[in-house]
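Next up is a structure, given as structure tokens.
Just so it is clear, none of the values below were taken in a lab; they were calculated from the coordinates. Quick caveat: nothing in here was measured; it's all calculated off a predicted structure. Note that each Cβ is placed from the backbone with ideal geometry, even for glycine, and that neighbours are counted across all protein chains shown.
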Amino acid sequence: MNLIPLIEFIVGWGRFTSWLFILASPFVLLFGVFRKRLSWAFFFMTLSGVMLLGGLIGVFTHSSAVSKLAPVLAGPLGKRLVVPFTQLVDGKPGSLDTWSGKVVLLQFRASWNDDARAPMRDLEQVLAELGGSDLVVVALSDEPRDVLLAQPQVPQGVVQGTFELESLPESLRGHAVMRPVSVLIDRQGIVRDVFVGKQTATFLARELREYL
């Protein structure tokens, strides 16, 4: 599931509904004015005021919401990515710049999602099919380092580390909450694709092959 299209839909629908309330409120008011029963007239006049007020609030808050959501909706595609993480092997800070000039498959995993904590057979299959000096596979988890060290070893060739969601760039944070997330980074360090949810090894290998 990808939340980004859902967020875009909600924001767009909210703006449409706000303007609809504003434009419809005068007609509701007129409808109430011509009611013979005072109770009905009062009801429709009150409803008109509520619609106008709600519409104005929606319009004014929409621009603020869009400005805050813009980095999330834009995503990291076409940008260089800086992801702070800690290497599992030695506990030292890691950097994607280490693999400059290589294609990187970066995968975010999680302890609370069965799809995101399953054995890394998909990554193992990708390496078996495309493995070589031009491809690097990095798997980052939100588990504490000591917990990861106690788990079975990852497939040979997979670089493992830990990360914190709050430390990710804002453009990626909205995607990463839906772990597992796979990020395809080209030789220039530019993000080319972001795949949310569990992906098969066949799919990942096909997408990676274009940049190798």
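Which of the aspartates and glutamates could a cross-linker span from LYS102 if the Cα-Cα distance has to be under 19 Å and same-chain partners fewer than 8 positions apart are dropped?
GLU124, GLU129, ASP134, ASP186, ASP193, GLU207, GLU210
Can you give me the long-range amide H partners of ASP193? Hydrogens built in the peptide plane at 1.01 Å from N, cutoff under 5 Å, separation of 5 or more residues or another chain.
It is LEU184, by chain and number.
With viscosity set to 1.567 mPa s at 4 °C, what whole-number translational diffusion coefficient in µm²/s follows for region 123-212 from Stokes-Einstein and a Kirkwood radius over Cα pairs?
91 µm²/s
Which FRET efficiency value, to the nearest 0.05, do you get for LEU53 and LEU149 by plugging their Cβ-Cβ distance into 1/(1 + (r/R0)^6) with R0 = 41 Å? Provide the component values of the computation, followed by the final result.
Working: r = 57 Å, r/R0 = 1.40.
My answer for the efficiency is 0.10.
Taking the Cα centre of region 85-209 as origin and charging only Cβ (+1 Lys, Arg; -1 Asp, Glu), how large is the dipole, in debye to the nearest 20? Write down the numbers at each step before the final one.
On the way: 13 positive and 17 negative charges, 44 e Å.
The calculated dipole for region 85-209 is roughly 220 debye.
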